[in-house]
Amino acid sequence: MKAIVCMQYGPPEVLQLQEVEKPVPKDNEVLIKVFATAVNSGDCRLRRADPWAVRLFFGFTKPRYAILGGVFSGEIEAIGKNVSSYKVADQVFGSTGMSFGAYAAYKCLPEDGALSLKPKNISHEQAATIPFGGTTALHFLKKANIKPEQKVLIYGASGAVGSAAVQLAKHFGADVTAVCSTSNIELIKSLGADKVIDYKKEDFTSNGETYDVIFETVNKLSFANSIKSLKREGILILGATGLFGMLKGLWSKIASNRKVISGLISEKAEDIVFLKELIEKGYYKAVVDRSYPFEQMVEAHRYVEKGHKKGNVAISLI
Ligand SMILES: NC(=O)c1ccc[n+]([C@@H]2O[C@H](COP(=O)([O-])OP(=O)(O)OC[C@H]3O[C@@H](n4cnc5c(N)ncnc54)[C@H](OP(=O)(O)O)[C@@H]3O)[C@@H](O)[C@H]2O)c1
């Protein structure tokens, strides 16, 4: 089968299209023919081992899993003999979790992995872009126990996590203020934000407004600035991933005696199902900036790592 293989850490050019062996499902697994995947910010950080501590978890000298890619949408081609929740030809989407491997024509996953039937009303390319930002935003907003009428500020609203957080916070009934740059204002309004602040023109931390929840999705704000606009009992979510994000969260919590939520998320089937249902009811949209053919994975990585994508970047295998 065709796959994009990453045999060393480095720039986008380390990604190479190769023929590799097609996987065979175990008794409890489904074999998914991948129709689409996506390039997420996390894929770029893993590819270039940034921060360096990535090597401690994913391989010291080279990536332990040569095939990257954490999200997919496709069709079940075969099932193991103990699989009962899915059948051949089911259209599914989801996340591969820490086994990666979605930059390939086929991927095996346990039937109880983070997957679900695909929403019927969107394409495979759109579906593949849902799990990364969607499950991350859902995890943190649920942890913050977000409630109707609460004032919630989403910082970095135009990224994968931010555009998901705006939609989910609105769905949970919050009054949502989104912070993004000028060129993304119309997009973010279309996702339902009640108010949009252009960070290029206005510093939200000095306008006197305070919030019940501030969700910092892009790790660009200083902690001191973030809590200036947080209500005394408010919750600060630091969505940035990794060891440093967790340490920053822990330090911030201790130093300020404020409620700070951070840490790594793990994708769950129930969250994928939740997102599927929201999409089918019309309450949640896929935000796709660009789509690239599989053969242009290097170009897709170059674009994503610039850090200015609007929502998500999809990759088509068909
Ligand atoms: N905790 C976890 O387990 C977990 C899981 C997934 C992701 N994450 C982390 O979440 C973070 C966000 O990921 P992502 O995929 O959503 O990022 P992304 O899509 O790559 O973010 C790109 C967006 O960030 C905006 N941006 C850039 N600089 C900004 C600034 N100074 N102020 C406000 N917005 C700015 C850009 O808009 P403009 O170009 O218009 O500024 C662009 O739309 C990453 O650090 C990722 O590692 C954590």
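The values are calculated or read from the model by the stated rules, or taken from the named source; none is laboratory data. Note that the coordinates shown come from a computational prediction; the quantities given were computed from them, not determined experimentally. Virtual Cβ from ideal backbone geometry, glycine too; neighbours counted across all protein chains shown. All accessible areas refer to the heavy atoms of the entire protein, side chains included, with ligands and DNA or RNA removed. Shrake-Rupley method; radii C 1.70, N 1.55, O 1.52, S 1.80 Å.
Taking the conditions exactly as written (modelled with pLDDT under 95 and either open to solvent by less than 50 Å² (accessible area, probe 1.4 Å) or small (Gly, Ala, Ser) (or both)), does residue 206 satisfy them or not? Against the criterion (modelled with pLDDT under 95 and either open to solvent by less than 50 Å² (accessible area, probe 1.4 Å) or small (Gly, Ala, Ser) (or both)), residue 206 qualifies.
Restricting attention to the stretch 115-135, the residues being open to solvent by 10 Å² or more (accessible area, probe 1.4 Å) and either under 16 Å from residue 235 (Cβ atoms) or assigned to a loop (DSSP other than H, G, I, E, B) (or both) number 5.
Considered as a group, the residues in the stretch 171-194 that are open to solvent by 50 Å² or more (accessible area, probe 1.4 Å) and of a type in the set (Ser, Thr, Tyr) include one that is farthest from the ligand (Cβ to nearest atom), and that residue is 190. For the stretch 168-187, the criterion of a residue being farther than 23 Å from residue 262 by Cα and within 19 Å of the chain's Cα centre (by Cα) is satisfied by at least one position. Sort out which residues of the stretch 285-297 are of a type outside the set (A, V, I, L, M, F, W, C) and under 13 Å from residue 160 (Cα atoms), and write them in order of number. Once the filter is applied, which keeps residues that are of a type outside the set (A, V, I, L, M, F, W, C) and under 13 Å from residue 160 (Cα atoms), the stretch 285-297 yields 285, 289, 290.
Residue by residue, here is whether (1) touching a residue at least 24 places away in the same chain (Cβ under 8 Å); (2) open to solvent by less than 20 Å² (accessible area, probe 1.4 Å); (3) over 23 Å from residue 291 (Cβ atoms) holds:
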position: 2; (1), (2), (3): yes, no, no
position: 22; (1), (2), (3): yes, no, yes
position: 31; (1), (2), (3): yes, yes, yes
position: 58; (1), (2), (3): no, no, yes
position: 64; (1), (2), (3): no, no, yes
position: 84; (1), (2), (3): yes, no, yes
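Restricting 73, 99 to those that are open to solvent by less than 40 Å² (accessible area, probe 1.4 Å), assigned by TED's automatic domain parsing to the domain that holds residue 31, small (Gly, Ala, Ser) and under 21 Å from residue 133 (Cα atoms) reduces the list to 73. The criterion of at least 2 residues that are within 21 Å of residue 143 (Cβ to Cβ) is met by the following strands (runs of 3 or more DSSP E) wholly inside the stretch 194-279: 211-216, 230-238, 259-261. Just one of the listed residues (271, 212, 289) is surrounded by 15 or more Cβ atoms within 10 Å (Cβ to Cβ), within 16 Å of the ligand (Cβ to nearest atom) and farther than 27 Å from residue 6 by Cα, and it is 271. The residues on offer are 207, 225, and the sole one that is polar (S, T, N, Q) and within 12 Å of the ligand (Cβ to nearest atom) is 225.
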